[in-house]
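Read the structure below first, then the notes.
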Amino acid sequence: MRKFFHKCCFLFLTLILFHNPVSKCPGATISDKIPNRMVYAIKALAKDLIWIGTEDGLGRFDGKAWTIYKTEDGLPHNVVTSIAVNPQDKSIWLGTFGGIARMVEGKFETFSTKNSGLVNDVVYGITVTLPYVWVATTNGISRYDLNTKEWKTYNDKNAPMNEVWVYGASSEPDGQGDTWFAIWGSGLLRVKSTGEIDSYQDPDDIFDVDLVRNDGPLHEIQVSVTAKGNTVYSGAYFGLTRYDGKNWNTWTVKDPDSGLPSDFINVVKLSEDGKICAIGTDKGLCLYDHSAGKWVTFHKNPHGPGGELRKFENGAWTSETTPFAPAGDFIWSIDFLGDQIWVGTATGLYSARLLW
């Protein structure tokens, strides 16, 4: 078994944690469990500093226990959909279904349509590209200037957007460079560091079908985006898109060079070195190495207990059962930390050690 794991790319050490708080302290709940099994967001900063956003609160793991924050602690809403870090002051920024919040030393500063220029309180994505905090909402994009405290809105009135329902936002960890957005009905949007805006949509101009592969984004409906350097991946409910600044690549399960377990993609996330893209689908976690043309999927074993590793390389499939099973196959969130990957699902949280 050990020989197989080393050969096959990654070994999963599953950690499944469910809702069951055990004690209360002033300002937060201390628990040996996560706040809720539905994990929408993950930000892994260190082995003893893991943040998760769930259906019912924010969780911080210190390596031993979880500290759980909810509305009674100052959180604007208990549904936490996105987490970002300001690389300058290390403050935590949170997107929720009730606005956004900045968290410093356990205290929240909240922003909503009632007390700020935030365009909508239902937030799906948040990222920091200095000097701005960018917020993806159901009614457009909000930009908050950390220096001047001014707000600006981007929507169909001042940006190349057909629809204003924005699902994802991504920028570099150091807060420099461009900012990317995944938009429902408007493809991908890039705001350059110069302020210029580029729009990338399916050039077929047919909303529900991709007629030509590798000619642009797979679909107008995009739900997640991840960028590092010149490499950008985006996920839709119809497949995967990759862009390197010059060339486009697209994949669906039917394509002969694809190892996707499903076209229904909720989240994409590039590794710290930009070599591996982790893809969260409704049928398991998929890892893709573009330079090697290699795909690996980890999900529950459909034929028995434990999990199953499936590898697609050089046009051939191999598979092997494992004693480990993921918390669930419906993936909501992913983050990398060194050789570890953290994965949030609809039924819990697990971590994995990569041996790619």
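The values are calculated or read from the model by the stated rules, or taken from the named source; none is laboratory data. Since this is a predicted model, take the numbers as computed values, not measurements. Here the Cβ positions follow ideal geometry from the backbone for every residue, glycine too, while neighbour counts run over all protein chains shown.
Scanning segment 308-331 for residues that are buried (at least 22 other Cβ atoms within 10 Å of the Cβ) and part of a strand (DSSP E or B), which turns out modelled with the lowest pLDDT? The selected residue is Leu309.
Within segment 83-120, the set of residues being closer than 15 Å to Leu45 by Cβ and in a strand (DSSP E or B) comprises Ile83, Ala84, Val85, Ile92, Trp93, Leu94, Met103, Val104.
Only one of Ala84, Ala101, Ala136 is of a type in the set (A, V, I, L, M), in contact with a Phe, Trp or Tyr (Cβ under 9 Å, 6 or more places away or on another chain), over 22 Å from Leu189 (Cβ atoms) and surrounded by 22 or more Cβ atoms within 10 Å (Cβ to Cβ); which? Step through it out loud before you land on a result.
Details: Ala84 fails: over 22 Å from Leu189 (Cβ atoms); Ala136 fails: over 22 Å from Leu189 (Cβ atoms).
Residue meeting the stated conditions: Ala101.
Can you find a residue that is part of a strand (DSSP E or B), within 22 Å of the chain's Cα centre (by Cα) and not small (Gly, Ala, Ser) anywhere in segment 142-152? Looking for residues that are part of a strand (DSSP E or B), within 22 Å of the chain's Cα centre (by Cα) and not small (Gly, Ala, Ser), one finds at least one in segment 142-152, hence yes. The set of residues in segment 31-61 being of a type in the set (Gly, Ala, Ser) and in contact with a Phe, Trp or Tyr (Cβ under 7 Å, 6 or more places away or on another chain) consists of Ser31, Ala44, Gly53, Gly57, Gly59.
Given the options Lys114, Lys107, name the one that is of a type in the set (Lys, Arg), surrounded by fewer than 23 Cβ atoms within 10 Å (Cβ to Cβ), at pLDDT below 95 and out of contact with any strand residue (DSSP E or B) (no Cβ under 6 Å at 6 or more places or on another chain).
Values: Lys114 fails: at pLDDT below 95.
Being of a type in the set (Lys, Arg), surrounded by fewer than 23 Cβ atoms within 10 Å (Cβ to Cβ), at pLDDT below 95 and out of contact with any strand residue (DSSP E or B) (no Cβ under 6 Å at 6 or more places or on another chain) holds for just one of Lys114, Lys107, which is Lys107.
Say whether the condition of being under 25 Å from Gly177 (Cβ atoms), among the charged types (D, E, K, R) and either in a loop (DSSP other than H, G, I, E, B) or within 17 Å of the chain's Cα centre (by Cα) (or both) is met by at least one residue in segment 63-81. No, the conditions are met nowhere in segment 63-81. Can you confirm whether Gly235 is in contact (Cβ under 8 Å) with a residue 24 or more places away in the chain, of a type outside the set (Lys, Arg) and surrounded by 22 or more Cβ atoms within 10 Å (Cβ to Cβ)? Considered against the rule, which asks whether it is in contact (Cβ under 8 Å) with a residue 24 or more places away in the chain, of a type outside the set (Lys, Arg) and surrounded by 22 or more Cβ atoms within 10 Å (Cβ to Cβ), Gly235 comes out as yes.
Output yes when any residue across segment 25-37 is touching a helix residue (DSSP H, G or I) at 6+ places or on another chain (Cβ under 6 Å), of a type outside the set (Val, Ile, Thr) and in a strand (DSSP E or B), and no when none is. Yes. For segment 263-270, the count of residues that are modelled with pLDDT under 95, surrounded by 21 or more Cβ atoms within 10 Å (Cβ to Cβ) and not aliphatic (A, V, I, L, M) is zero.
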